[in-house]
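Please treat every number below as a calculation from the coordinates, not as lab data. Small disclaimer: the values here were computed from a predicted structure and weren't measured. Reconstructed Cβ throughout: ideal geometry from the backbone, glycine too, with neighbour counts over all protein chains shown.
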Amino acid sequence: MKIAISGKGGVGKTLLAAFLSKIFASSGYSVIAIDADPDANLASTLGFPNPEKMTPISELNDLIEERVGVRPGTPGSFFKLNPRVDDLPEKYSVKMDGVRIMSMGRIKRGGTGCYCPEGALLQALVTHLLLQRDEVVILDMEAGIEHLSRGTIKAVDKLLIVVEPGRRSLETAETVKNLAQDLGLNNIAAVGNKIRTKADEQFIKSNLPDIEIIGFIYYDAAINDADLANDSLFTASPATTDAVKKIYEKLLAENRRQVVKSVSGTRKA
């Protein structure tokens, strides 16, 4: 299963990505969690002890030059658009509690890709992860879909847009939805985060009438307290874990229905 997570900065994309990664891994799945947000903190949220030691792929100039034939920043140069990347997930990731973590870094141009050496490598890597790996892949992205292209977006089983009860968050959700649909991805759902009341739930539902709401995560001060104390977030808030487990179960159920539908369609053909 391939899941991309987007939304306005600060709404809780990384929290959802981390909890989903942990739940999939604890259920026996092989998981690759990809930090594709330039403000990278997925590794620390997952509890990796030295996140500052993880250099984003886009900043590994020697690797980029080796694979695409041009060093980043070299003007007017030709470079490979299909570099070898199949060995990168194992070489440039860390593994903790069954979750393999990679940091991608920024792609400067969304949708059609970045015409630069680092962009070519990242796009090839995303294509490999989404199209050729059997693991569960969870992409924690910035407020957009910059790491996805027309060639890869159809491999995404679900785009989750995290929202909070606020106008700017909902406006971002609509923008992300439109960008995704322009590229051909319609399997989109929203997750409401930082919910305090039923009125917050209704506010999100009434303002996102065209987007499936797959779940709500209520605000729990225990998450902030654990973060400040550098304690595990996953044991701090049973309520958050339960809420994300319900989202996980809905994702699995939907994926099974899609598989059955696909197999049935193939037999009829």
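Between ALA253 and GLU201, the modelled label-to-label distance comes to 1.5 nm, taking each label 7 Å out from Cα in the direction of the beta carbon.
Farthest toward the positive end of the dipole of segment 168-243, out of THR240, ASN224, ILE204, is the Cα of ILE204, where the dipole comes from beta carbon charges about the Cα centre. Taking 0.36 nm per residue of sequence separation and removing the Cα-Cα distance, the ASN61/ASP242 pair yields an extension gain of 61.0 nm.
Going by neighbour counts of Cβ atoms within 10 Å, the residues ARG257, ARG106 line up, fewest first, as ARG257, ARG106.
Each Cα pair under 8 Å and six or more residues apart adds its separation to the average, and for the chain the resulting relative contact order is 24 percent. At each listed q (0.14 Å⁻¹), what is the log10 of I(q)/I(0) that the Debye formula gives for the chain modelled as equal alpha-carbon point scatterers? Normalising to I(0) and taking log10 leaves -0.98. Sequence-distant contacts, meaning Cα pairs under 8 Å at least 6 residues apart, place the relative contact order of segment 7-151 at 36 percent.
With a threshold of 24 Å on the Cα-Cα distance, the over-threshold entries among LYS13/LYS53; LYS154/LYS261; LYS205/LYS246; LYS177/LYS250; LYS158/LYS246; LYS53/LYS158 are LYS53/LYS158.
Where both bridge residues fall in the chain, DSSP classifies roughly 10% of the beta bridges as antiparallel. With neighbour counts taken as other beta-carbon atoms within 10 Å, the residues VAL11, VAL260, VAL85 rank, fewest first, as VAL260, VAL85, VAL11. In the chain, if the dipole is taken from +1 on Lys/Arg beta carbons and -1 on Asp/Glu beta carbons about the Cα centre, which of ALA120, PRO75, GLY98 is farthest to the positive end? The Cα lying farthest towards the positive end belongs to ALA120. Sparse packing (at most 14 other Cβ atoms within 10 Å of the Cβ) combined with a DSSP loop state is found for the following chymotrypsin sites (Phe, Trp or Tyr not before Pro) in segment 1-85: PHE78. In the elastic network of the chain, a GNM with C-alpha springs shorter than 10 Å, the most mobile of GLU135, GLU174, GLU52 is GLU52. Where does the chain land at 222 nm, in deg cm²/dmol rounded to the nearest 500, when only DSSP H runs of n ≥ 4 count, each adding -39500 (n - 2.57), divided by all residues? My calculation for the chain gives -13000 deg cm²/dmol from helical runs alone.
As a ratio to 2.2 N^0.38 Å, the alpha-carbon radius of gyration for segment 163-237 is 1.29.
So, counting K/R as plus one and D/E as minus one, what does the shell of residues with Cβ under 15 Å around ASP242 add up to?
+2
Highest mean first, the peptides 242-248, 128-134, 142-148, 191-197 sorted by other C-beta atoms within 10 Å per residue fall in the order 142-148, 191-197, 242-248, 128-134.
Residue order for SER30, SER6, SER58, SER44, fewest other beta carbons within 10 angstrom first, comes to SER30, SER44, SER58, SER6.
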